[in-house]
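The values are calculated or read from the model by the stated rules, or taken from the named source; none is laboratory data. Everything numeric in this text was worked out from a predicted model, so none of it was measured. Here the Cβ positions follow ideal geometry from the backbone for every residue, glycine too, while neighbour counts run over all protein chains shown. Note: accessible area is taken over every heavy atom of the protein model, side chains too, but ligands, DNA and RNA are not part of it. Shrake-Rupley method; radii C 1.70, N 1.55, O 1.52, S 1.80 Å.
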Amino acid sequence: MLWRMNLHLQNALFDLAVNRAARVTALLGMGHLQVWHQKTRFAIRIPIESIRAALESRPSGIYHWRGGERGMWHEGKAVTP
């Protein structure tokens, strides 16, 4: 992994990145993921391939990602914005 921090922080950062990327791509389309990833300070620490893989598995409806890279989609809105 390119980033070094404790597992709890890694999971929280990954969850935040996936949930924010989900909002951006829902509004602007997956074509904007690369630009968003490059311009977002915290997201650049996470491989874009990992974010893309999570987004591609997103079910339709209102869901949020939780659990880090090994996480999954959960029904409802995310606790963090």
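So for the stretch 53-64 (the condition being under 11 Å from the mean Cα position of the chain (by Cα), farther than 12 Å from A21 by Cα and either in a helix (DSSP H, G or I) or in contact (Cβ under 8 Å) with a residue 60 or more places away in the chain (or both)), does at least one residue qualify?
There is no residue in the stretch 53-64 that is under 11 Å from the mean Cα position of the chain (by Cα), farther than 12 Å from A21 by Cα and either in a helix (DSSP H, G or I) or in contact (Cβ under 8 Å) with a residue 60 or more places away in the chain (or both).
Could you figure out which of (1) among the small types (G, A, S); (2) in contact (Cβ under 8 Å) with a residue 40 or more places away in the chain; (3) not in a loop (DSSP other than H, G, I, E, B) isn't true of A78?
A78 satisfies every listed condition except (3).
With (1) aromatic (F, W, Y); (2) surrounded by fewer than 16 Cβ atoms within 10 Å (Cβ to Cβ); (3) at pLDDT 95 or above as the list, and W3 as the residue in question, which single condition is left unmet?
If we test W3 against (1) aromatic (F, W, Y); (2) surrounded by fewer than 16 Cβ atoms within 10 Å (Cβ to Cβ); (3) at pLDDT 95 or above, just (3) comes out false.
When the residues of the stretch 6-39 are narrowed to those that are of a type in the set (D, E, K, R) and under 15 Å from Y63 (Cα atoms), which ends up most open to solvent (accessible area, probe 1.4 Å)?
Filtering the stretch 6-39 for residues that are of a type in the set (D, E, K, R) and under 15 Å from Y63 (Cα atoms), the one most open to solvent (accessible area, probe 1.4 Å) comes out as R23.
Which condition does W73 not pass, out of (1) open to solvent by 30 Å² or more (accessible area, probe 1.4 Å); (2) not in a helix (DSSP H, G or I), if it passes all the others?
Of everything listed in (1) open to solvent by 30 Å² or more (accessible area, probe 1.4 Å); (2) not in a helix (DSSP H, G or I), W73 misses just condition (1).
What are the residues in the stretch 1-52 that are assigned to a helix (DSSP H, G or I) and of a type in the set (K, R), if any?
R20, R23, K39, R45, R52
Select from the stretch 40-56 the residues that are loosely packed, with under 10 Cβ neighbours inside 10 Å and either modelled with pLDDT of 95 or more or over 15 Å from Q10 (Cα atoms) (or both) and list them in ascending order.
Those that are loosely packed, with under 10 Cβ neighbours inside 10 Å and either modelled with pLDDT of 95 or more or over 15 Å from Q10 (Cα atoms) (or both): E49, E56.
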